[in-house]
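Step one of this worksheet: look at the structure below.
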Amino acid sequence: MQKTFKKIFLIIILSISIGIFMVRNESLLMRNNPFSEYKCYIPVTYAVGTVDPRFGVSQEKFVSLMQEAEQKWETALGRDVFQMENDGRVKVNLVYDERQLTTENLKNIMLDVDNNKEKADQLVANYESLRAQLEEKNKIFETQTSRYNQDIKDYTNALEKYQSDLKEYEKEVAYWNSQGGAPKEVFIELTEQKKDLDAQVKDLKKQESALNALRTVLEKKQQELNDMVAQVNGTIGAVNQTATKANSEIADYNETQAARGEFETGLYMNDNGQESIDIFQFFDDEDLLAVLIHEMGHALGLAHAENPTAIMYPKLINQSAEITPDDIAFFQTTCVR
Ligand SMILES: [Zn+2]
């Protein structure tokens, strides 16, 4: 009887003290309340801490990205898990050091690579258009050259005919001279032959000057073609130079990217109840959002996930700023009773 009374008394005392403790320590109430559906300390209240201006992110932008990260978690989980408050318990800071400097270096290299790629594309386009022009001109040149060669052949044939006609004429004249003169009809015949020979000479001269003119044109075209070949070759040189530069920049990029991968992008800390999120580096708003989502996940109570596509994967390099089904499952097992 007495024992039972003692037990009841003890239970009463205990529940009174627990009651007092619960009222006085709200945080413990939330964490340990057996009626709460959460094992984690929810909702997580957070606030903007210190923002280094060297990041070039305005306070408003930072706040809106944090709200976006909150929204992403809450939409994915279908419940209210974060709350931005002026004296929120997790202070979110942008901490500038050599890590962001490396990231900026990387950004510049990427910009350079892009510019170089554009330049290389332009050079290749120039080269291709020049080569097409060269081929067209070369075709015309070859047609003209084969015409010139045909004209030379015709001219040579005409010259040979003339020379043989002339020989025959001279032979006949010499014969009739040795006979002391030609009869009248032979004389007329010879005069006709001489007229024909003169006409042939006139024709040959005309052909010769036409050939000379064509040769001058062809020589000029040949020079043009040579210049163009030199230009095309020069373009190839420039393309190669640009490609070499781009390659060395890509090597630089890989090296810097590897160095960046070893750095922490952000860090969630709970130092005896003093909670903070420090963010050290990001490329752009999207990247900052991804880091915020990841670190806020830690603030929720989540550790690192194993699936590389999860936002809670330890390295943030290739993920998009989205919460994956793995992250949601992780939350369910970690935070929900
Ligand atoms: Zn982490």
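Please treat every number below as a calculation from the coordinates, not as lab data. For clarity, every value in this text was computed on a predicted model and none was experimentally measured. Don't worry about glycine lacking a Cβ; one is built from the backbone with ideal geometry, like all the others, and counts go over all protein chains shown.
Of note:
- Part-to-part distance (alpha-carbon centres) for segment 287-336 and segment 119-169, which is given in Å: 72 Å
- Cα centroid separation - segment 225-252 against segment 55-94, whole Å: 49 Å
- Less than 5 angstrom separates the built amide H of ASP97 from none of the residues sequence-distant by 5 or more or on a different chain.
- Between GLY266 and PHE280, the built amide H atoms are under 5 Å apart, and every one of these is 5 or more places off in sequence or on another chain.
- About its Cα centre, segment 154-202 has a charge dipole of approximately 140 debye under the convention of +1 per Lys or Arg Cβ and -1 per Asp or Glu Cβ, with nothing else charged.
- Long-range HN-HN contacts of VAL51 with modeled amide H, under 5 Å: LEU94
- The HN-Hα couplings worked out from phi for segment 141-151 by the Karplus form 6.51 cos²θ - 1.76 cosθ + 1.60 (θ = phi - 60°) are 4, 5, 4, 5, 5, 5, 5, 4, 5, 5, 4 Hz, whole numbers, x standing for Gly and Pro.
- Charge dipole (Cα centre; +1 on Lys/Arg Cβ, -1 on Asp/Glu Cβ; no other charges) of segment 107-262 amounts to roughly 260 debye.
- A Gaussian network model of the chain, with springs between Cα atoms under 10 Å, assigns the largest mean-square fluctuation among ASP271, ASP80, ASP252 to ASP271.
- Eligible lysines near LYS119 by straight Cα distance, threshold 21 Å, same-chain separation 8 or greater: LYS107, LYS245
- Taking every alpha-carbon pair under 8 Å whose residues sit at least 6 apart, the chain reaches a relative contact order of 26 percent.
- Partners for LYS161 among lysines (Cα-Cα distance below 21 Å; same-chain residues under 8 apart left out): LYS153, LYS171, LYS194, LYS195, LYS202, LYS205, LYS206
- The chain: antiparallel DSSP beta bridges as a percent of all, rounded to 5: 35 percent
- If R0 is 56 Å, the Cβ-Cβ spacing of ARG337 and ALA259 corresponds to a FRET efficiency of close to 0.85.
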